[in-house]
Amino acid sequence: DEGAQHIGEALKINTVLTILDLGRNDIGVTGAQHIGEALKINKALTTLKLFDNKIGAEGAQHIGEALKSNMVLTTLILEDNKIDAEGAQHMGEAMKLNTVLTYLNIRDNKLDNAAERALKAAVRTEVD
């Protein structure tokens, strides 16, 4: 998560990087918190790939909070992150306010059918 902290700090001042792939980097809750804080400020990043990490429900909450105000990110890949129904609820709340995200990948998480349906209902985008 220390590396994610540094990346988060860099994203706060980034004005040119549009795609960031942090898949398979063992990012947990703390790393998701740093990335989420950066997403609240960043106005350039359009694609964020966080697949195969371990952010869980609490990390999804941090990312979700960022999505409430980030109106630049269009693609978010959270595949295989141990996100459960609680995490999906946080993401769903964020998606009610976010109007620009067009692709959300939540495959291979710990979502039951009800959580997956609720998230898809809240999202104005393609959910995979």
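How much length would be gained if the chain were fully extended between residue 85 and residue 15, taking 0.36 nm per residue of separation minus their Cα-Cα distance, in nm to one decimal?
In short, 21.8 nm is gained.
Across the Cα atoms of segment 1-67, what radius of gyration and what greatest pairwise Cα-Cα distance (Dmax) are found, in Å?
Looking at segment 1-67, its Cα Rg and Dmax stand at 10.5, 30 Å.
If I stretch the segment between residue 116 and residue 26 completely, what's the gain in nm (0.36 nm per residue apart, minus their alpha carbon distance), one decimal?
Extra length from residue 116 to residue 26 when fully extended: 30.0 nm.
Within the chain, how many Lys pairs that are eight or more residues apart, or on different chains, come under 22 Å at the alpha-carbon?
Value for the chain: 27.
Computing the accessible area with a 1.4 Å probe over protein heavy atoms, can you report the carbon and sulfur percentage for the chain?
Of the solvent-accessible surface of the chain, carbon and sulfur hold 48 percent.
Taking every eigenvalue of the Cα gyration tensor of the chain, multiplying by 5 and rooting it, what semi-axes result, largest first, whole Å?
Semi-axes, largest first: 21, 16, 12 Å.
Return the distance in nm (one decimal) between the two label points of a simple spin-label model at residue 5 and residue 68, each offset 7 Å from Cα along Cα→Cβ.
2.5
Testing the spin-label approximation: label points 7 Å from Cα along Cα→Cβ at residue 43 and residue 58. State their distance in nm.
3.3
Given a 10 angstrom Cα cut-off, can you work out which residue in 78, 97, 39 is the most mobile in a GNM of the chain?
In the Gaussian network model the winner is 97.
Could you order peptides 55-65, 9-19 by the average number of other Cβ atoms within 10 Å of their residues, highest first?
So the peptides 55-65, 9-19, ranked by packing, come out 55-65, 9-19.
What whole-number value in Å² describes the accessible area per residue of the chain for a 1.4 Å probe?
Accessible area per residue, the chain: 49 Å².
The values are calculated or read from the model by the stated rules, or taken from the named source; none is laboratory data. All figures in this text were calculated on a predicted structure; none of them were measured in a lab. We place every Cβ from the backbone using ideal geometry, glycine too, and count neighbours over all the protein chains shown. For the accessible areas, the whole protein counts, side chains as well, though only heavy atoms, and no ligand, DNA or RNA atoms are used. Shrake-Rupley method; radii C 1.70, N 1.55, O 1.52, S 1.80 Å.
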